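Asker: Supplied in structure tokens, the structure appears directly below.
The values are calculated or read from the model by the stated rules, or taken from the named source; none is laboratory data. Bear in mind the structure is a predicted one, so any value in this text is a computation, not a measurement. FYI the Cβ positions are ideal-geometry reconstructions off the backbone, even for glycines, and counts take in every protein chain you see. These accessible areas exclude ligands, DNA and RNA; they are computed on the full protein's heavy atoms, side chains included. Shrake-Rupley method; radii C 1.70, N 1.55, O 1.52, S 1.80 Å.
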Amino acid sequence: MAENLVTAPAGPPSADAKSRGPGNTVQHLLHAHPSLGPLVVLIVAAIIFDLINGRFFSAANLSIMLQEAAVIGLLALGQSIIILTAGIDLSVGAAMILAQMVMAGLAINSGWPVALAILLGLLVGLLTGLIDGVLVTRFHVPPFIGTLGTLGVFTALGLLYANGQTLTPGPNSLLVWTGTVIHIGSFSLTTGVLIMLALYLVVGFILARTAWGKHVYAVGDEPEASRLVGINTTRLLLSVYLLAGLVYAIAAWVQIGRVGDASTDISSTLNLDSITAAVIGGISLFGGRGVVLGTLFGALIVQVFQNGLALAGVQDLYQQLAEGLLVILAVAVDQWIRRVRK
Amino acid sequence: MTSQDENGPSDTSRTPVLAATGLTKSYGRVEALRGVDFELLPGEILAVIGDNGAGKSTLIKCLSGATTPDSGQLYLDGEEVTFRNPQAAQDAGIETVYQTLAVAPALDIASNLFLGRELRKKGPLGGLLRVLDFAEMRKQAKDHVSRMGIETLQDITQPVETLSGGQRQAVAVARAAAFGSKLVILDEPTAALGVRESGQVVKLIRQLRDNGLPIVLISHDMPSVFELADRIHVQRLGRRAAVISPKTHTMNDAVAIMTGARAA
Ligand SMILES: Nc1ncnc2c1ncn2[C@@H]1O[C@H](COP(=O)(O)OP(=O)(O)OP(=O)(O)O)[C@@H](O)[C@H]1O
Ligand SMILES: [Mg+2]
């Protein structure tokens, strides 16, 4: 401390200045642990909803919420990696639906071996990621615009391929394996839920513990500086979009298991929901900040609000209102955290 | 002192660590470089001065692989080289601190020092799973920073965005010094800093040179240039107008050549 006082008195007050108020402490805490905010929101919301309706914390209700959160949780996971690079993906939902129709279509309409059909569906997911990634890295299209374009393209391709059908696999098909219920104590989870949790663990680990993960943050934070220190930013961004695409295709498989069939008639709010979950989860839209654990909390928050408000007998409308307010709050908190530098 | 240039600035008896001949570079219709020659001798601090837009940053970007010249040759220890990207120049031992601070603010000091060169854990964890060895990186970063005598960087796990401008610049210089085995290029390292912080960076630069590392220093700060440099490359209108020595020329001479008021 003594040297610090001697060497930098003229500069701006250093961050470890002694005069740190309580607000400042919270700011630094959130800065160091970005998933703390959403965790607190999640817990507080859950407690309030349980006070309103005692069924909220029942094992059955918690199980349903987790099952409902699996698909959006996976989409938000892919979305988060892209947002970490200061990108955005508006084509998530469309990519998922396309992958889903290809899986089900090949298996049911074309009579492919189911495992092969699923594999091809995963490849389609990778391909959608590749297309988005190439647009962003090679053609320098801003992610917002590029994925807005592919949103249209993937949606159209999905509709063309599905041709209005709803494809229902047999109950023992590998396609609906992701919906298999697993009883753990009085909880009933599905394979889909476990797949989602496992992927969060894997991606979270990679982001936190490997050079690739560090580079994702660095590129989102300062792309030019990252390039100058020798990171191949093009290759890195491409790998990010590929990974996200793969995750979307896995979400497609989980979706088929959850619903029991495959159709293009899926909520059109998937794109925005995935962004909502990521942002509420503390992933900064400006890139380079946040952890995917926060996104998981974000996805659960969205689910808890939907479920809790429904149990409380409140109109849909208020759920949208609450979600909207949470997004605004999350972005405001993010802006505040960023000012930690001064 | 390694570089007592007894023969004056035009000493060519030693092989330059880094040399360039006839570099050109255009951005659209702007000719940033119009055939620049350049030599950096072993152990010296070579200052590069010139007016705004004279092509200083473009020149060093060509030397560091951040951009590729349209034409011209580069020689490292007398051997012709080409750098396709910054990585290639770094692999050859050339480290650069760019005018625009090349750090990732959200990452901590240790991560910034090792950015792009992270150390992996030993064994299958690092080999197969590519897990990073944070403990080792922090330890080495701490050692390095204290060996360089940078007292202001106390907590190596502090995010860079919580540091002052001078401290951030110290991180960037420390990074370059840690990995620059051949030479270090500094583009206006004191431009954004106050007097006191500039003083610290100047001290750091001198220390690097005393360790035997040749340095290219781009600066507008004439007193620092004349204090530090062994030789001065004067850049004017995309060309090298002259190479002068602080011993034989005054600051006024340098400014006169820089602005074209006087021929070299
Ligand atoms: N990326 C670029 N695109 C277009 N023009 C550029 C680019 N980089 C440099 N220039 C132009 O090239 C010329 C030389 O610029 P450069 O940055 O090398 O000058 P400089 O000597 O470093 O100036 P300063 O002292 O302001 O840093 C200027 O006219 C500049 O506008
Ligand atoms: Mg410049």
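Asker: Past the 30 Å Cα-Cα mark, which pairs from B:61/B:122; A:214/B:182; B:203/B:247; B:25/B:247; B:61/B:203; B:25/B:142?
Answerer: Beyond 30 Å between Cα atoms: B:61/B:122; B:25/B:247; B:25/B:142.
Asker: Still on this structure, I have one more. Report the Rg/Rh value for segment A:18-174, based on alpha-carbon coordinates and the Kirkwood definition of Rh.
Answerer: 1.10
Asker: Right, something else. Which whole-angstrom value gives the distance between the alpha carbon centres of segment A:124-159 and segment B:16-64?
Answerer: 40
Asker: Right, here's the next one. Residue A:85: accessible area at probe 1.4 Å, nearest 10 Å²?
Answerer: About 10 Å², rounded to the nearest 10.
Asker: Working with all protein chains in place, sort B:161, A:222 by solvent-accessible area computed with a 1.4 Å probe, largest first.
Answerer: A:222, B:161
Asker: Taking the full set of protein chains and a 1.4 angstrom probe, give the accessible area of residue B:239 in square angstrom, rounded to the nearest 10.
Answerer: Probe radius 1.4 Å; accessible area of residue B:239 about 120 Å².
Asker: Counting C-alpha atoms alone, how compact is segment B:109-244: give Rg to one decimal and Dmax as a whole number, in angstrom.
Answerer: 17.3, 56
Asker: Still on this structure: Leaving out ligands, DNA and RNA, and with a 1.4 Å probe, what % of the accessible surface on chain A is carbon or sulfur?
Answerer: The computed percentage sits at 69.
Asker: Additional query: What is the sum of charges, Lys and Arg at +1 and Asp and Glu at -1, for the other residues whose Cβ falls under 12 Å from the Cβ of residue B:99?
Answerer: -1
Asker: Another question, if that's okay. Just tell me how shielded A:205-214 is by partners: mean number of partner chain Cβ atoms within 10 Å of each residue's Cβ, no decimals.
Answerer: Mean shielding by partner chains, rounded to a whole number: 5.
Asker: Can you tell me, using C-alpha contacts under 8 Å and at least 6 residues apart, the relative contact order of chain A as a whole percent?
Answerer: With pairs under 8 Å counted, the relative contact order is 33 percent.
Asker: Looking at chain B, send over the antiparallel percent of its DSSP beta bridges, to the nearest 5.
Answerer: If we restrict to bridges inside chain B, about 60 percent are antiparallel.
Asker: Ok, one more. Return the whole-Å distance between the Cα centroid of segment A:226-261 and the Cα centroid of segment B:193-253.
Answerer: Centre-to-centre (Cα) distance: 48 Å.
Asker: Going by average Cβ neighbours within 10 Å, how do the peptides A:33-44, A:180-191 rank, with the highest at the top?
Answerer: Ranked from most to least packed, the peptides come out as A:33-44, A:180-191.
Asker: Using only the alpha-carbon atoms, what does the protein assembly as shown span along each of its principal axes? Please give whole angstrom values in decreasing order.
Answerer: Result for the protein assembly as shown: principal-axis Cα extents of 89, 57, 47 Å.
Asker: Can I ask one more? What accessible area, in Å² to the nearest ten, does a 1.4 Å probe give for residue B:262?
Answerer: 100
Asker: Threshold 50 Å², probe 1.4 Å: give the residues of segment B:156-177, in number order, that are less accessible with all protein chains present than with their chain alone.
Answerer: The answer is B:161, B:162 - residues whose exposure falls by at least 50 Å² when every protein chain is included.
Asker: Quickly rank A:46-59, A:94-107, A:284-297 as a protection proxy: mean count of other C-beta atoms within 10 Å, highest first.
Answerer: A:94-107, A:284-297, A:46-59
Asker: Among A:210, A:168, what's the order by accessible area (1.4 angstrom probe), most exposed first?
Answerer: Most to least solvent-accessible, the answer reads A:168, A:210.
Asker: Restricting the count to DSSP beta bridges whose residues both fall in the protein assembly as shown, what percent are antiparallel, rounded to a multiple of 5?
Answerer: For the protein assembly as shown, the DSSP antiparallel bridge percentage is about 65.
Asker: Working from the pairwise distances between different alpha carbons, so that the mean of 1/r is found and then inverted, what is segment A:36-335's Kirkwood radius in Å?
Answerer: Kirkwood radius, segment A:36-335: 19.4 Å.
Asker: A follow-up question, please. So for B:75, B:98, A:161, A:217, what's the accessible-area order with a 1.4 Å probe, most first?
Answerer: A:161, B:75, A:217, B:98
Asker: What nm distance separates the two modelled labels at residue B:26 and residue B:80, each placed 7 Å from Cα along Cα→Cβ?
Answerer: Result: 2.3 nm between the two label points.
Asker: Using a simple spin-label model with points 7 Å from Cα along the Cα→Cβ vector, what separation in nm is obtained for residue A:235 and residue B:237?
Answerer: Output for this residue pair reads 4.4 nm.
Asker: Moving on. Partner chain Cβ atoms within 10 Å, averaged over the residues of B:245-255 - can you pull that number for me?
Answerer: The mean count of partner-chain Cβ atoms within 10 Å per residue comes to 0.
Asker: Oh, and also: Given an 8 Å cut-off on Cα distances and at least 6 residues of separation, report the relative contact order of segment A:188-342 as a percent.
Answerer: 20
Asker: While we're here: When the gyration tensor of segment A:109-238 is built from Cα positions, what are the square roots of 5 times its three eigenvalues, in whole Å, from largest to smallest?
Answerer: 34, 24, 12
Asker: Same structure again: When the expected Rg is taken as 2.2 N^0.38 Å, what fraction or multiple of it is the alpha-carbon Rg of chain B?
Answerer: For chain B, the normalised Cα radius of gyration comes out at 1.03.
Asker: Give me the net charge for the shell around residue B:233: Cβ to Cβ below 12 angstrom, other residues only, Lys and Arg +1, Asp and Glu -1.
Answerer: Net charge in that neighbourhood comes out at +1.
Asker: Let me ask something additional. How big is the A-B contact in terms of buried accessible area, both chains counted, 1.4 Å probe, rounded to the nearest 100 Å²?
Answerer: Buried: approximately 2900 Å² between B and A.
Asker: Taking every residue in B:191-197, how many Cβ atoms of other protein chains lie within 10 Å of its Cβ, on average?
Answerer: Mean number of neighbouring Cβ atoms from other chains: 2.
Asker: If you don't mind, another one. For the charge dipole of segment A:36-335, defined by +1 on Lys and Arg C-beta atoms and -1 on Asp and Glu C-beta atoms about the Cα centroid, which residue among A:267, A:71, A:242 has the Cα displaced farthest towards the positive pole?
Answerer: Final value for the positive-end residue is A:242.
Asker: Tell me the per residue accessible area of segment A:36-335 using a 1.4 Å probe; a whole number in Å² is fine.
Answerer: Per residue, segment A:36-335 has 41 Å² of solvent-accessible surface.
Asker: Moving on to the next point. Find out how many positive minus negative residues lie around residue A:327, taking Lys and Arg as positive, Asp and Glu as negative, among other residues whose Cβ is under 15 Å from that of residue A:327.
Answerer: Computed value for this residue: -3.
Asker: Can you check what the Kirkwood hydrodynamic radius comes to for segment B:1-136, Cα pairs only, in Å to one decimal?
Answerer: About 17.5 Å for segment B:1-136.
Asker: Between segment A:185-219 and segment B:73-99, what is the C-alpha centre distance in whole Å?
Answerer: What the calculation gives is 39 Å, centre to centre.
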